[in-house]
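Worksheet: one structure, shown below.
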Amino acid sequence: MKAVLGPASRELAEKTAELAGLEAVDVAYKLFPDGESYVRLEGSVRGEHVVVVQTTSAPQDTRLMQLAFLAGAAKRNGAVKVTAVVPYLGYARQDKMFLEGEGVSVETVARMLKAAGVDALVTVNVHAESALENLPFPAKNLSAIPLLAEYFVQKGCEKAFALAPDKGAMYIAEQAQQVLGGGAGHLDKKRDRYTGQTSQTGEGLDVKGQTVIIFDDIISTGGTIVGAAKILRELGAERIFTACVHPVLVGDAERRILEAGVEEVVGTDSVSSDVGKVSLAPLIAEALKALESG
Ligand code: R5P
């Protein structure tokens, strides 16, 4: 097995390859003046199971094309199997037809990758596990929540209350609770599918005087966390932190979250950001070792 260092995840891929004991294959890449992507593998992959580590956060389309081209290049150059390790799976939030006339973007992306040469997928905290059910290849979803919770234990926040910003993320709060050893609960969130506006409520939640850590898969605009922090303050939480696997952090999301009374925003290196304090490398390396031996 060899690890291809996708341009969008070079550092993470290098760390992962080192931890998994895999030979790394570097990639030369550029954008042509008209915006088209170019990639070239800088090492041999003949006869190998090749793992391409490439996240697909913004600019999603360029990164997806790079991933597809790398898979194609690996196959053209003799790889026997290509596993795409995509820490942040772009388009995963469009995992069903919410409104008439829509498609299921994540399925279309997967079909495109399959056609390009991808045989299997490994991702991390995909928005909804059901998004991986109808893909044209086997897909494994890893969870970085225990690693994020461990960060807070190291910080002295054991027994903190793990909060999910909506019911769907309760499994995330429960995974964090396993490590933190405190309470867990969720807010209720409703989203208007036409305007995208959300509203949250915290009925029945008892967090008075507690340290609360809001865990989510993604922080994008930060609206969800800002709203959750407001409710937590109203409920008398003493300290508020937030952690997410994918710190997409559009625009001034981090500043708005901190201004809402959150002490610290913690993310992983699935997406490059200045809050990526927890590396996914050990998690992915373990999964690759299991793949190699299985
Ligand atoms: C939605 O259900 C996700 O789990 C996140 O809560 C959401 O994507 C966060 O988006 P934003 O930061 O824009 O509120």
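The values are calculated or read from the model by the stated rules, or taken from the named source; none is laboratory data. Bear in mind that the values here come from a model prediction, so they are computed numbers and not experimental data. FYI the Cβ positions are ideal-geometry reconstructions off the backbone, even for glycines, and counts take in every protein chain you see. Areas reflect the complete protein model, heavy atoms only, side chains present, ligands, DNA and RNA absent. Shrake-Rupley method; radii C 1.70, N 1.55, O 1.52, S 1.80 Å.
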How big is the charge dipole of the stretch 192-294 about its Cα centre, in debye rounded to the nearest 20, if each Lys and Arg gets +1 on its Cβ and each Asp and Glu gets -1 on its Cβ? 100
Quick calc: nm separation of the 7 Å Cα→Cβ label points for Lys167 and Lys208 -> 2.6
Val25 accessible area, nearest 10 Å², 1.4 Å probe? 0
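Quote the FRET efficiency, to the nearest 0.05, computed for Lys155 versus Ala28 with a Förster distance R0 of 30 Å and r equal to the Cβ-Cβ distance.
Values: r = 40 Å, r/R0 = 1.34.
Efficiency computed from Cβ-Cβ geometry: 0.15.
Just by accessible area at a 1.4 angstrom probe, what is the order of Glu14, Glu264 from largest to smallest? Display every interim value, and only then the final one.
Numbers: Glu14 85, Glu264 25 Å².
I get Glu14, Glu264, largest accessible area first.
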Between Tyr194 and Lys140, with labels modelled 7 Å along Cα→Cβ, what's the label distance in nm to one decimal, could you check? 4.5
Taking only C-alpha pairs under 8 Å that are 6+ residues apart, what is the relative contact order of the stretch 1-89 in percent? 31
I'd like the distance separating the alpha-carbon centroids of the stretch 135-211 and the stretch 258-290, in whole Å. 15
Taking a probe of 1.4 angstrom, what is the accessible area of Glu36 in Å², to the nearest 10? 110
Bin by bin, in steps of 5 Å, what percent of the Cα pairs in the stretch 8-88 do you find, going until the bin that has the longest distance? 3, 15, 26, 28, 18, 8, 2, 0
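Write down the percent of antiparallel bridges among all DSSP beta bridges whose residues are both part of the chain, to the nearest 5.
Values: 9 of 47 bridges.
Among the beta bridges of the chain, antiparallel pairing accounts for roughly 20 percent.
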Hits among lysines - C-alpha to C-alpha of Lys155 under 24 Å, sequence gap 8 or more where chains match: Lys15, Lys208, Lys230, Lys277
Please return the longest stretch of the chain lacking exposed loop sites, where chymotrypsin sites (Phe, Trp or Tyr not before Pro) count only if DSSP places them in a loop and at most 15 other Cβ atoms lie within 10 Å. 195-294
Would you tell me the accessible area of Asp34, worked out with a 1.4 angstrom probe on the heavy atoms of the protein chains, in Å² to the nearest 10? 110
Express the relative contact order of the stretch 237-294 as a whole percentage, based on alpha carbon pairs under 8 Å and six or more residues apart in sequence. 30
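Want the number for Glu238 to Arg111: 0.36 nm per residue separation, take away the alpha-carbon distance, what's left? Display every interim value, and only then the final one.
On the way: separation 127, 0.36 × 127 = 45.72 nm, distance 4.73 nm.
Extra length available between Glu238 and Arg111 comes to 41.0 nm.
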Mind giving me the nanometre distance, one decimal, between the label points for Arg40 and Glu259, set 7 Å out from Cα along Cα→Cβ? 4.8
The chain accessible area per residue, 1.4 Å probe, protein heavy atoms, integer Å², reads 46
Can you sort Met112, Met97 by solvent-accessible area, 1.4 Å probe, largest first? Met97, Met112
